[in-house]
Structures are given as structure tokens and as C-alpha cells.
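Down below is the structure, laid out as C-alpha cells.
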């Protein structure tokens, strides 16, 4: 894909990522927004078409119904071999053919729907129709049926009244004809209909484009990018797009590309890509392609087989749910606790986890990394601390504290890089590398090392947040004792980390944000810092949820295994695992089908999934894979992964 052209067309700095699934057994039809049969088609998932004689008669029937209507187009589709015409038997008058609803998309004109129809059931009921959309359609259809029943009752009452008058005045044969005509007009023109309007907020968006006959992913991407740009809708928040390629291979049919248009604040992924494309001088050359703690690890490791964990809202219950009833391995307990405390005292939390900024590491290797074994060891040290503090806490609580405190610490480092990224694209000058060299490294392991102090302060703030306090109160007794345990863990650290309580003072944040802005560890000669602290403490001018920061584990551990195997915290698998998953679903690699950075995997039903070779795969690619094989993430995590 020519990403430069795509970015210009899409009005986004993010190189678009496309996940394609081919569906030779489906076709698309377009219907107006006011079609009265769409809601029922979404709700029931099927529509029965009765063959009426010959193809010519079917065309006449379709014309009478309306060629734009769903029912009219299905009448025609019954006679089309590439659509609904049965392939294993002849059709005669009275033959019943079932059409299955695979998806319904709103097209860019906001007046037309693209309905994806197949002669067989989708691999899963909600492959492209979400459970919430189906539920909303069910409610709307039930309300419609109630209105129809009430209307039919109303018409029946009128007919009975008219019949009674006719009986009373039976000597006049023409009496009652006018009443019958009025009832017939009301029955014809006022019968309740249900349209898709109330479902519009739940309908996915899509743009259509003509598929290149070659099926070349590069050409597909260019055609889809043009359609997205022409739609008038904003691009995807993270550059992820999902495509459906209906019809047999080699046919010049219409494809669909779907995405969620982003209308909020600028997303951090776009801010990050804007820096990379507009200010290449702001990045290390070359950027590091492997992963490993830059100071404490003995060597760098590849990240290819590293599972990404979903970025976690620090105050959500997802983390607690994932760690529920966890039991740590307590073998060699004393030595492991003593060793992790020694590491933490000498190296701070970076002995257990570290953040690799994208300014220095590549797209495939930047993010937060945890040493899985040392994370377990830190949780064991909390268990050990509970006893003298008279805290009755479980293994799950110890794991929650170990992961939560360090995750909040590392997220602060990511937020610092984000603030510097925003400053860079505003000033059009590099900032991050200058700050790291002149401030961060210059103040390393001194009491003025404010980034580490404020990272630890952020860990404390996570612990003291109302949601977490409410959670730990249900998991342990003696809140004061637990406070002391957490404070001691933050104090057991080198200079800089130890000064975390400075985060309580507003002047600390002003000093730190001035360091970020100027690249100078000292304030200006007047001693008054510029009022820049809102760059980290106030409402941000860009959107950066935790899920924007990749999160991985190095090695194996009990806590890491839980977080990598729970649907709420599992994010995306490495590409090699996805290849094994495709084989699990009896897909085979088509050597002639993939081009460039893509592989084509064809299933036993001839539907194909086009897998980008980039590692890790995007969340959009993984979501499309789940749609393609007809499972949800929970099924993948609990039933598929253990068998790969």
C-alpha cells in the first residue's frame, strides 16, 4: 500500500491497516433507508422467498414490488447463480428459497443501506451484526408486531360495524359500499410499517468500492482508501479498517470497507504517527528493533512471540476479575522475596517493568514490558509484608497491588512521552530525545530525578483512587496497615523514586513540565517556572486511553499467565499464534494468494482471510479474524488458545 497517498486521502497521519475477509457465498444489495423489511431481516436473520413461476415472472414481480426494495431484489436474486439460485437442484414454481442476513451497513449518503445476503447461515449469528444491534432490532420488531395487532383489531372493528349497518339497511344494496372503500383505503395506506431509523446509531458504517480483479492487497488498500476518503466520514481512530470482499474470486464485484469514524479529540495514535512522519529528526536513528530492559537486562530479546495484553483502565474491575482466586507459586519464597527487594532498592520499579518509548523503539517493540517472574516475586513480597502490618490479604490482593502499582508507574512514563509528542508537533521541533539526554539522564539517581518521583506518585494515586480503595477494602482488613505496606514499597527505591511525596506539591509539576519544555534541569534565572503543569495534570488536548500503550510480558509467571488468558485483559496474539489458529480452523496457506506484506489463508468453505505479516497484528485484524471464524474473544482465549 502506498501509505503516503493513503494518508493524504484519508486526512490522517496513521498508515491505514486493512483486515480483509473474502466471502464468495454472499452478495451485497442496496436498499433505501425507509425499506419496511430491513428490521425484520436483521432480527430474524432470514427471509423466505417463494419462487413464482419463471424468471420473467420474477422480474415482473420485482418491478411491481419495487426494484429498490429488499423483497424485490431478493425476488430477482433467486434466479441469479451467483446469488440465491440453488446450486444442487432445479427450481420450480412454489420452491421456497431462504436468504440469510449477514450484515447491514449504513452507506455514506446516509440514505442507503448495504445489505450483505447469503444463501447459507453466517458462521456465527453476530459475525457482522452485533448482539446490541440484534437486540435493538428484536425490540423494535416486537413493538411493530404489537402495533400491527392493534391496527388489525381496529380494522376488524370497523368492518364489523360496516357489516352491521349493511345488515340493517340490506334493502339498499349500495349502502355500505362507501364505508367498505374507506376501510380498504385505511387498511392499505395506514397499516403500520417499521423502518430502520431508530437503529441508525447502532448500525456499522461502510463505504463501497470496486474490487480489483487481481485481489492484490495493495490495490485493494488503495481502492478502499479512496472510498474512505470520498465518504466524507472521519477516518478510524487508530487506522484500523475491516473489509468484506463478497463474490467469487476474479469477479469485478463491489467490496465493502467498514470502520468507526472518530469524531473526538485527536487520538494519541495519530499524534504519534504525526511525529514520526513530520519530524523524523525527533526519533533515534536507527530505532531499536528488539526489546529488553535497556539498563538491567543482560541482553535484548525478540518480541515476536509476545502476547499483547489489553490496556487496562486503572480503576476498572477488569484487573480484579482477571486475578480473582489466583494462587502464587511460593517455592523458594524467602530467596525470591529478598532478591526482588534488593532489585527494587537498587533499581526501583524498573527492575520489574519498563517503558520503551516509540522515539527510541520501533512500532513493533515500543510499549510497556513486565518481567513476568519478577512480578510474581513482588507479589510474594507483598504477601510477606501483610503479616507484620496485620493485613489479612489474599494472593489476589498481593497480585493486584504488584501489577497495579507498577502499571500506573509505567503509564506515567508513557504519558510523559505523549506530552512531549504533543509539544513536538506544535513546535515542529524535537523535544523527547533532548529531554532524555539533558534532564532525565543528567538527574539519574539523584533526589531531583522528578520523572521517577512523579511516576511513583502516580502509582500512589492509583492505589488511593476511590474505585481501588473500595475494591481493596473488600479484599483485605486494616486499611491503615495496607497504606503502610504500599508506602514502604514506594520508599524501597533509589533516590528520585524515594521523593514521590513531592507529587503532592503543585510546584513540583511546574518544575517538571518546564524541564520537559526547555530541556533544562534548572528553572530560569528568575526562578519562576512557566505555567505549563496542565500539560500533565489538566484536561488533555488529545485522547490517550491506556489501551493506546502496548503492554507485554517477558518470560512466564502466574500473574502474567492470568492476564494473558482472561478475556477482559487479553488483547491480541502474536502473528505466529494467529497462523496456528487459522490452521486450527482448517485454513491452509494459499501461496498464490498473498502479495507484499500479506498472506491469504483459505478455509474449507472457500472463504479466505488475508493476514498481514506485520507483528503484532492490529486489534482490527484480530477482531476481523474472530468474525471470520465465528467466535468471540472469550471463546478464543478459553477454548482455542489452549489447543494451539
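The values are calculated or read from the model by the stated rules, or taken from the named source; none is laboratory data. Note that the coordinates shown come from a computational prediction; the quantities given were computed from them, not determined experimentally. Virtual Cβ from ideal backbone geometry, glycine too; neighbours counted across all protein chains shown.
Of the residues making up region 17-55, those that are at pLDDT below 90 and part of a loop (DSSP other than H, G, I, E, B) are 24, 25, 51, 52, 53, 54. Of the residues making up region 592-644, not one is under 25 Å from residue 366 (Cβ atoms), in a strand (DSSP E or B) and more than 23 Å from the chain's Cα centre (by Cα).
So which residues in region 28-42 are in contact with a helix residue (DSSP H, G or I) (Cβ under 6 Å, 6 or more places away or on another chain) and surrounded by fewer than 22 Cβ atoms within 10 Å (Cβ to Cβ)? Correct list: 29, 37, 40. For region 262-272, a residue qualifies if it is at pLDDT 95 or above and more than 18 Å from residue 415 (Cβ to Cβ), and exactly one does: 262. Residues in region 470-509 that are at pLDDT below 95, under 16 Å from residue 396 (Cβ atoms) and surrounded by 13 or more Cβ atoms within 10 Å (Cβ to Cβ): 4 in all. Within region 180-212, being more than 35 Å from the chain's Cα centre (by Cα), part of a helix (DSSP H, G or I) and surrounded by 15 or more Cβ atoms within 10 Å (Cβ to Cβ) holds for 183, 187. Checked against (1) buried (at least 16 other Cβ atoms within 10 Å of the Cβ); (2) modelled with pLDDT under 95; (3) more than 30 Å from residue 590 (Cα to Cα), residue 84 meets all criteria but (3). Filtered by the rule that a residue be surrounded by fewer than 19 Cβ atoms within 10 Å (Cβ to Cβ) and without any contact (Cβ under 8 Å) to a residue 60 or more places away in the chain, region 603-625 gives 603, 604, 613.
In region 537-550, the qualifying residues are those that are buried (at least 22 other Cβ atoms within 10 Å of the Cβ) and in contact with a helix residue (DSSP H, G or I) (Cβ under 8 Å, 6 or more places away or on another chain), and the one that is nearest to residue 354 (Cα to Cα) is 549. Look at (1) assigned to a loop (DSSP other than H, G, I, E, B); (2) touching a helix residue (DSSP H, G or I) at 6+ places or on another chain (Cβ under 6 Å); (3) farther than 23 Å from residue 428 by Cα and you find that residue 495 fails only one, number (2). Residues in region 547-591 that are closer than 27 Å to residue 262 by Cα and either in the same structural domain as residue 631 (by TED's automatic domain parsing) or part of a loop (DSSP other than H, G, I, E, B) (or both): 549, 550, 567, 568, 569, 570, 571, 572, 573, 574, 575.
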